[in-house]
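Worksheet for the structure shown next.
The values are calculated or read from the model by the stated rules, or taken from the named source; none is laboratory data. All of these numbers come straight from a predicted model, not from anything done at the bench. Cβ sites come from the backbone with ideal geometry, for glycine too, and all protein chains shown count toward neighbours.
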Amino acid sequence: MATPVANSRTGIAGDVTVPVSEPVLGVEEEGAVIDALRRGELSGTFGRAVREFEQVFADYVGVRHAVACSSGSAALLLAVAAAGIESGSHVLVSASTHVSTALAAFHNGLVTVPVDSEPETGNLDLDLLESLITPATRAIMPVHLWGHPVDMDRLGAIAARHGLVVIEDCAESHGATVRGRMTGSFGDMGCFSFYSNKVLTCGEGGMVTTDDDRLAARLRHLADPGLASPRFVHREPGFNFRLGALQAAIGGVQVQKAESIVERKREIAVAYSERLHGTPGLRLPLAHEWARHVYWAYAVIVDEGAAVTRDELMAGLRARGVETRTFFCPMSKQPVLLDERPARLGGPSLVDVPTPVADDMWVRGMYLPSSVGLNERTIDYVTDRVREILC
Ligand SMILES: *Cc1c(COP(=O)(O)O)cnc(C)c1O
């Protein structure tokens, strides 16, 4: 980065650039990478770095199995493939999410049915769920958006009533809990990302969590063509989504730091909310009392009555050195889902359901800088600039 970065290491000086997200790694991660290198581990297949990362993460989430893979997108693809859902079936997906959630359905020949958001958390609106379930529905993919968990107790009861597979997208929710229980431990499978802007990171990486021995074996098989038996004889159209050992070495350390990282994320959110409380036209994130919100990102909405639009606020902050980002484009508006159809499929890859709340969030929502490296001075700087523009 060319300009000085305002974070806990450098403080604010001269030209300020506060990145929307910045990974923070320490000597522990550095040491783990060097150890793995010295053991001669590069590919994850041999050696112990991947196995240890999987074990420590399974223990953290509270599940029997965690299967490492190369990204969150790969985790989602693997999970949907492992579920073995018949082509052409429908999958309910949070309307506001990373496109990879829906693409996991798409690449497996399934049709995405977007579920609109609840205004409070941005998560899929559970009141809408049953009205969208048809005889073609086979699965639900809830996304724990921004780090606020979906009420999985309620969602699980609905899924059980209709015999649906549940695949949680936990890419933003490492450490988030519902009534004390970790996201990623409720569904048939949970899919995590360890991309550099996530709560826990190893640069590039993913993990699928499950309590089901059969699914775990299937996930491993699909992720690594080297597991064919006899060797080189394949009965399944798998992938290669293996994770490298050096990535896994970083990931293992990050999991050990998870609780302190989550604690810092939550402190940053409290600091933002205290300073921004009462800012006219700005809706701040909230957390339900049954939830531990991990604030992957501090997500705000610029209301219609605000002094400026969301885009003007973003531009104003950018001019003052503060980087922000919009929310996701809703699945109901994704050209790739509207225009494309999987070759195996006769019909469209999306059911055209209106998603007015998610559409509105796409126009009005944005994240403020949310790295764990933010210090109080930087938070003061950011919130002063926000108030300067909006008040
Ligand atoms: C980041 C993200 C993904 C994709 O993870 P990658 O590791 O970047 O492939 C999927 N879903 C959600 C909700 C995400 O935020």
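Descriptive notes on the structure:
- Among the numbered conditions (1) within 16 Å of the ligand (Cβ to nearest atom); (2) within 30 Å of residue 348 (Cα to Cα), the only one that residue 159 does not meet is (1).
Rundown of residues vs (1) farther than 19 Å from residue 349 by Cα; (2) in contact with a His (Cβ under 9 Å, 6 or more places away or on another chain), yes/no style:
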residue: 37; (1), (2): yes, no
residue: 48; (1), (2): yes, no
residue: 54; (1), (2): yes, yes
residue: 58; (1), (2): yes, yes
residue: 64; (1), (2): yes, no
residue: 114; (1), (2): no, no
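- Residue selected from segment 80-92 under the condition more than 16 Å from the ligand (Cβ to nearest atom) and part of a helix (DSSP H, G or I), by the criterion surrounded by the fewest Cβ atoms within 10 Å (Cβ to Cβ): 83
- Looking across 104, 136, 95, one residue alone is buried (at least 24 other Cβ atoms within 10 Å of the Cβ) and either more than 16 Å from the chain's Cα centre (by Cα) or more than 10 Å from the ligand (Cβ to nearest atom) (or both). It is 95.
- So residue 352, is it without any contact (Cβ under 8 Å) to a residue 24 or more places away in the chain and among the acidic types (Asp, Glu): yes
- Scanning segment 53-67 turns up at least one residue that is within 16 Å of the ligand (Cβ to nearest atom) and not in a helix (DSSP H, G or I).
- Selection of segment 226-261 for residues being in a helix (DSSP H, G or I) and farther than 24 Å from residue 39 by Cα yields 258, 259, 260, 261.
- Qualifying residue in segment 353-362 (condition: farther than 23 Å from residue 171 by Cβ and aliphatic (A, V, I, L, M)): no
- For the criterion of being closer than 28 Å to residue 113 by Cα, modelled with pLDDT of 95 or more, crowded, with 17+ Cβ neighbours inside 10 Å and among the hydrophobic types (A, V, I, L, M, F, W, C), residue 36 fails.
- So residue 174, is it within 16 Å of the ligand (Cβ to nearest atom), out of contact with any helix residue (DSSP H, G or I) (no Cβ under 6 Å at 6 or more places or on another chain), without any contact (Cβ under 8 Å) to a residue 60 or more places away in the chain and not β-branched (Val, Ile, Thr): no
- Of the residues examined, residue 6 is one that is at pLDDT below 70, within 30 Å of residue 319 (Cβ to Cβ) and touching a helix residue (DSSP H, G or I) at 6+ places or on another chain (Cβ under 8 Å).
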